[in-house]
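What follows is one structure encoded as structure tokens, with my remarks underneath.
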Amino acid sequence: MRHSLIVFLSVVLWATGCAHSGIPSLPASHGQLSLAMAYNLDPEGNPLEASEPPPASLFNPGARGGVAPERAREAFDEAVALLKGAPTEVQVRQASATLSAACAVDLFDACEFLLANFQPVKRLEGPGMPDVPKEAFLLRKPQVVVLQGRVDTDGHARELQVVESPFPKFGADLVQVFAATRFQPAMLAGHPIATSRLFRIQFQMPIENRTPEAELEWVRMRVDRFPESAVAWSHLAKLLGSQTPESPGYVEALERLSALAPTYWWAANELAWHYVQTGRHAEAEPQVRVARQMAPRNAYVLETSAAVWRGMGRCDEALADQRQAVARLQEQWPREERERFARTLADYQRDCPSVPTTITAFPAE
């Protein structure tokens, strides 16, 4: 009998503490709240239960030296103008690299442009999935397979490798399936562009002992067996962050995830937040820069950024980012959080007497 397989784009987290509407229920950790905010800003690009990092194509940390800060605006304008025309494939790559470099030197207009004008790879057609191994059903536990590769502008996946597969032959069979699949390539401002890509497959089957403790045990086994899987580390970090964010294992998971996926805003932001709480502001700075560049509209990223600058004595920058953080919180966001953000802004303003004090007031409910 042929066993069926369902392809998911996200891992189901059994204990996230966030409502499916995207509005968080309190109490919730900083990591949970930042994810909920990301979902509110872009539900399709940031599904609430996602565990895999986004493709690194939007941002290259090594591009920092590609554009001098004083020329970032000019370079940004040139790249945008190029993309508005009929650029060649080479010119699209050049424009992408220029925008990435401008973003890397904190020209946030470039970061915003990349985020707003990038469309990820989509599957068009291809062969069916191979049979799920019978062992997967006997185990009665979730099973995940992760492949990584590149999708070129012709819509073909290449350089496919198995990152995580509990059944080696099944992983090899999936490589053949995705190699024969046609995709719509990633698009930048309407132009096709080659991009890195993670392919994640999860088996849907009856699961025994569906508890947070059982899930945590299963995910720990995943990272032990597949220590190079950013998807597995992401799942572990988010699970620990929802259950025991004060656990030393949480920071270890964040650090490992950040090393494997250095452009993943969530890992960078939560690492920076942890470093701020422990007074390690210099260590937090490079992490929060990545988060600020990759998620410039997220209020919890702005809050972290403000806390880093405040700890480093950069009062004006702290005030600017915290003001943005307060302004970015939607009206439907929990009142307690909006009040907490406003109190933090008032604290920063009080510590910076040269700056006029403006305290956000909330109407009585």
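The values are calculated or read from the model by the stated rules, or taken from the named source; none is laboratory data. The structure displayed is predicted, hence computed values, not measured ones. Quick reminder, even Gly has a Cβ in these numbers, built from the backbone with ideal geometry, and neighbours come from all protein chains shown. When the accessible area is computed, the model is the full protein with side chains, heavy atoms only, and any ligands, DNA or RNA have been set aside. Shrake-Rupley method; radii C 1.70, N 1.55, O 1.52, S 1.80 Å.
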query = Taking GLY279 and the conditions (1) more than 24 Å from LEU115 (Cβ to Cβ); (2) open to solvent by less than 40 Å² (accessible area, probe 1.4 Å), which numbered condition does it fall short on, given that it satisfies the others?
reply = (2)
inquiry  = Can you tell me how many residues within region 140-187 are among the small types (Gly, Ala, Ser) and either under 22 Å from the mean Cα position of the chain (by Cα) or surrounded by 17 or more Cβ atoms within 10 Å (Cβ to Cβ) (or both)?
reply    = 6
task = Go over the candidates PRO127, PRO87, PRO192 one by one and state the one that is in a strand (DSSP E or B) and more than 25 Å from HIS235 (Cβ to Cβ).
result = PRO192
ask   = Looking at region 60-102, which of its residues are charged (D, E, K, R), modelled with pLDDT of 90 or more and within 25 Å of the chain's Cα centre (by Cα)?
value = ARG93
inquiry  = Suppose we filter region 264-274 for residues that are open to solvent by 10 Å² or more (accessible area, probe 1.4 Å) and under 14 Å from PRO296 (Cβ atoms); how many remain?
reply    = 1
query = Do any residues in region 20-44 that are of a type in the set (Ser, Thr, Tyr) have Cβ atoms under 6 Å from those of residues that are exposed (fewer than 13 other Cβ atoms within 10 Å of the Cβ), where the two are at least six apart or on different chains, and which pairs are they?
reply = SER25/ALA19
query = Could you list, in sequence order, the residues of region 102-124 that are outside any loop (DSSP other than H, G, I, E, B) and within 22 Å of ASP152 (Cα to Cα)?
reply = PHE113, LEU114, LEU115, ALA116, ASN117, PHE118, GLN119, LYS122, ARG123, LEU124
ask   = Could you give every pair whose Cβ atoms fall below 9 Å, whose first residue belongs to region 108-129 and is open to solvent by less than 80 Å² (accessible area, probe 1.4 Å), and whose second residue is aromatic (Phe, Trp, Tyr), counting only separations of at least 6 or pairs across chains?
value = ASP109/PHE76; ALA110/PHE76; CYS111/PHE59; PHE113/PHE76; LEU114/PHE59; VAL121/PHE183; GLY126/PHE178; GLY126/PHE183
